[in-house]
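Notes follow the structure.
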Amino acid sequence: MTVDVHKSDGSGAKPPAGPEAIKAIPVRHPGRYVSAVVALALLGAVVYAFAQGKINWGAIPEYFFDSRILKGVWNTLLLTVLSMVIGIAGGIMLAVMRLSKNPVTSSIAWFYIWFFRGTPVLVQLFVWFNLGLVFEYINLGPIYKDYWSSFMTPLLTALLGLGLNEAAYMAEICRAGLLSVDEGQTEASHALGMSHTKTLRRIVIPQAMRVIVPPTGNEVINMLKTTSLVSAVQFADLFKQAQDIGQNAGSIVEMFFLAAAWYLIMTSILSVGQYYIERYYARGSSRTLPPTPMQRLRAAVLPTRRPKGVTA
C-alpha cells in the first residue's frame, strides 16, 4: 500500500509549494567597457600618428630577412647564450664563496658583486676595450703573446663585459636559492658522511633550483636586450647591423623599428620557454599547475560542458 504525501488534511488547503528557483543576475561591469573604449581610442590615435609620419614603412619588410640582419640575429643569440653560461657559472661560484665561512673568500665575493653591480655595463665594455692603455701586451709565456688591441676582439670584449657583469647578479639569485633550502637538509647530509661539495651538488642545489630558475629566465630575456649595447664596441649584433643598413640606405629610423620587431620576436619565444620551465619546477610546490597557453585558448574558444539538468 502506498501513501500519498500530498493528500489533503481534510481542510481543503493545498500543501505548501517548494522554494522558488533562484534567478542569478550577473553583476554588470560598465567600467570595463569604458576602459576598453578608451584604450582602443588611444591605440587608434597612436596608429594614425605613426601612419601619418614621414616613415618609409616599405623599407622594413624589404630588409627584414636581409642576410646582414639574419647574421646579426644569430650573433645576438650566440652572445646571449655564451654570456649567460659565463654568468650562471660565475654566479654559482660567487654564491658559494659568499656563503663560505672563510672571511677572505666571502670578502672577495662581496667586493666582486659590489663592483660589478655598481658600475654600468656600457662603462665596463669601454674599460675592457681600452685596457690596452694599461696592458700593452698580453703574455702567457710559450702559450700566447700578442698586443692587447689584437687580443681584445669585439666578441671577447662583449663576452667579458656582459658575462662578468651578469655573474654578479646571478650570484645574488643563486645565494637566495641556496638560503631557501632548510639547514636541516645540510645537517642530515653531513651526518650521513657526505662532504660539503657533494651535499651542495646532490642535495642543496637541486632543491634550490625552484627558486633560482624563474629569475634566471628573466635574466636571459634581459641579457638578450642588453646585447644591443655591444654595438658600441663594434660587435656585429642585430642592433649594429640595423644601424649600418640604416645609414647606408638612408632609413635609420625604419631600421630601428625593424630591430625592435626582431627583439620582440626573440623575447616572446624566450618568454614561452620560460613559462614552461617555471611550470615544470612548480610541480612540487603547487597542488594545481597553472594552465598552459593552449589550455587557456581551448577554454576560451570551446564551450564548457555542463552536467545534465544544470542551467546557466
Pairs, first farther than 16 Å from Phe235 by Cβ in the stretch 116-139, second at pLDDT 90 or above, C-beta under 7 Å, six or more apart: Phe116/Leu164; Phe116/Asn165; Phe116/Ala168; Arg117/Ala168; Arg117/Tyr169
Residues being part of a loop (DSSP other than H, G, I, E, B) and touching a residue at least 60 places away in the same chain (Cβ under 8 Å) - total across the stretch 43-61: 3
Within the stretch 117-148, of all residues that are part of a loop (DSSP other than H, G, I, E, B) and aliphatic (A, V, I, L, M), the one nearest to Leu162 (Cα to Cα) is Val134
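Among the residues that make up the stretch 166-187, is at least one of them in a helix (DSSP H, G or I), without any contact (Cβ under 8 Å) to a residue 12 or more places away in the chain and not small (Gly, Ala, Ser)? I'd like the intermediate steps shown before the answer.
Taking the stretch 166-187 as the starting set, the residues that turn out to be in a helix (DSSP H, G or I) are 166-179, 183-187.
Filter again for without any contact (Cβ under 8 Å) to a residue 12 or more places away in the chain, leaving 183-184, 187.
Checking which are not small (Gly, Ala, Ser) leaves us with 183, 187.
Yes, the stretch 166-187 has at least one match.
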Listed residues Ile108, Ile88, Ile113; which is touching a residue at least 60 places away in the same chain (Cβ under 8 Å), surrounded by 14 or more Cβ atoms within 10 Å (Cβ to Cβ) and not basic (Lys, Arg)? Ile88
Please determine whether any residue of the stretch 32-42 is farther than 30 Å from Glu254 by Cβ, among the basic types (Lys, Arg), open to solvent by 100 Å² or more (accessible area, probe 1.4 Å) and modelled with pLDDT of 80 or more. yes
Given the residues Met170, Met223, Met194, which is the only one that is crowded, with 20+ Cβ neighbours inside 10 Å, over 21 Å from Arg98 (Cβ atoms) and either touching a Cys at 6+ places or on another chain (Cβ under 9 Å) or aliphatic (A, V, I, L, M) (or both)? Met223
Number of the exception - Asp237 against (1) open to solvent by less than 10 Å² (accessible area, probe 1.4 Å); (2) more than 26 Å from Met152 (Cβ to Cβ); (3) of a type in the set (Asp, Glu): (2)
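The values are calculated or read from the model by the stated rules, or taken from the named source; none is laboratory data. Note that the coordinates shown come from a computational prediction; the quantities given were computed from them, not determined experimentally. Glycine also receives a Cβ, built like all others from the backbone with ideal geometry; neighbour counts cover every protein chain displayed. With ligands, DNA and RNA removed, areas are computed over all heavy atoms of the protein, side chains included. Shrake-Rupley method; radii C 1.70, N 1.55, O 1.52, S 1.80 Å.
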